[in-house]
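Quick note: the coordinates plus some simple rules give every number you see, no bench work behind them. Note that the structure is predicted; figures quoted are calculated from it, not measured. Here the Cβ positions follow ideal geometry from the backbone for every residue, glycine too, while neighbour counts run over all protein chains shown.
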Amino acid sequence: MKVVIQPRDTGDGEQGPTGPTGAASTVPGPTGPTGPEVTGPTGPSGIDVVKGTATLDFGTGSLTTETVLTGLVSVSTSSVIITTLKIVATPEHRIDDLLIDPIRLAVKDLVAGVGFTIYGKMDNARANGTYEIDWLIT
């Protein structure tokens, strides 16, 4: 009797060519879980807000000026007063002028139940003409 021994396949042969790449799937994957909801603290109710517009007039050229606002019965020593330069063109100033050379603003001489003074200062040169200022009291 003749015995034939077949060589054993060790898997060490050469790798065949890679097949073509399939098309990308257009089906979206599953939606992940919703994250926790975060909310800030609730503000106090009943806060009165008073706002308006004032004009600072530097005349023909000055480093500082001020304007007094009165008749503000809701203003108190604990009020927060915010003043900002309105960025709108005036007869004397283009918008570019207002962005390049803003006026420094401050509130002074607050009198409860009466009003306050808005002080304006130009730091690097004399200002001229009028500037519109928005103000807000909380």
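Key figures
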| item | result |
| --- | --- |
| Within the range 50-137: Cβ-based charge dipole about Cα centre, in debye rounded to nearest 20 (Lys, Arg +1; Asp, Glu -1) | 200 |
| Separation of the ARG126 and ALA89 label points, Cα + 7 Å toward Cβ, nm | 2.6 |
| Spin-label zone in the range 111-138 - amide nitrogen under 16 Å from a point set 7 Å from the Cα of GLU66 along the C-beta vector | 111-112, 114-122 |
| Full-stretch length increase - LEU136, ARG104 - with 0.36 nm per residue and alpha-carbon distance subtracted | 9.9 nm |
| The range 50-137 - Rg and Dmax from Cα coordinates, angstrom | 13.2, 37 |
